[in-house]
1. DSSP beta bridges in the chain, what fraction antiparallel, as a percent rounded to 5?
2. Please state the Cα pair-distance histogram of the chain with 5 angstrom bins from zero: what percent is in each bin?
3. Pull up all non-local amide H partners of residue 126: gap of 5 or more, or a different chain, and H-to-H distance under 5 Å with H placed in the peptide plane.
4. Mind listing the phi-derived Karplus ³J(HN,Hα) values for the range 152-163, rounded to whole Hz, using 6.51, -1.76 and 1.60 with θ = phi - 60°, and x for any glycine or proline?
5. Can you work out ³J(HN,Hα) from phi for every residue in the range 114-122, in order, using Karplus 6.51 cos²θ - 1.76 cosθ + 1.60 and θ = phi - 60°, giving whole Hz and x for Gly and Pro?
6. Using a basic spin-label model with each label point 7 Å from the Cα along Cα→Cβ, how many nm lie between residue 63 and residue 10?
7. At a Förster radius of 41 Å, what calculated FRET efficiency corresponds to the Cβ-Cβ distance of residue 104 and residue 75, to the nearest 0.05?
8. Got a sec to turn the phi values of the range 58-73 into Karplus ³J(HN,Hα) couplings, 6.51 cos²θ - 1.76 cosθ + 1.60 with θ = phi - 60°, whole Hz, x for Gly and Pro?
Amino acid sequence: MIEKLMELFRTRQSCRNFSEKPVEKEKLVRCAEAARLAPSACNSQPWEFVAVCGGPARDRAAQCAQALGANLFAEKCPAFVAVAEKPAGLYMYRTGKQEKNQQYAQFDLGLAVMQFCLAATAQGLATCIMGAVDKQKLKQQLGISGDEEVRVLIAVGYPASPEIRAKQRKNLDEVFHFVE
């Protein structure tokens, strides 16, 4: 089991060259289910995932992705998923207190986004997590609630090339060690 999981980690990569093949909605639903199952502080689940697959909404999302001069590859991407942070108070079950100042939401969103992307990879899809997008315009274009903040836009599609690039990462001993 761990080897299959490690292979998934090795093959997930940020794709910037998508095929024009449409993404099946069922696959996006599976990705969303994986994201829904991600852990969050006090089970607050402070997220909303909004998907667009083709049509004018896809075109508007692509324009928002490119609005800041980046993400030119978005023009060919067949689907996008905006991830918004929802306000959430933390209810501490042991103490029975409500913590209104949510300080873990962005960490929680990161976990959910990673699970979404890993589920996409497991289904033969490719993803690219984009932060340099016009988030305010995207929020308006997709009808995202006023009290939510768009944090990232995920490009989703089939890769134009099956090539898996070698990962450039720090050595394990630079980022992990034991203390006795």
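No lab work stands behind these numbers, since they all come straight from the coordinates. Just so it is clear, the structure is predicted and the values come from calculations on it, not from any experiment. Note that each Cβ is placed from the backbone with ideal geometry, even for glycine, and that neighbours are counted across all protein chains shown.
1. 95
2. 1, 8, 15, 18, 19, 15, 11, 8, 4, 2, 0, 0
3. Placed amide hydrogens put 157, 158 under 5 Å from residue 126.
4. Each residue of the range 152-163 in turn: 8, 10, 9, 7, 9, x, 8, x, 5, 10, x, 4 Hz.
5. These are the phi-based 3J(HN,Hα) values: 5, 5, 4, 5, 5, 5, 4, 4, 4 Hz.
6. For the pair residue 63/residue 10, the computed spacing is 4.4 nm.
7. After rounding to 0.05, the efficiency reads 0.70.
8. Result, rounded to whole Hz: 5, 5, 5, 5, 4, 5, 5, 5, 9, 4, 9, x, 10, 6, 4, 5.
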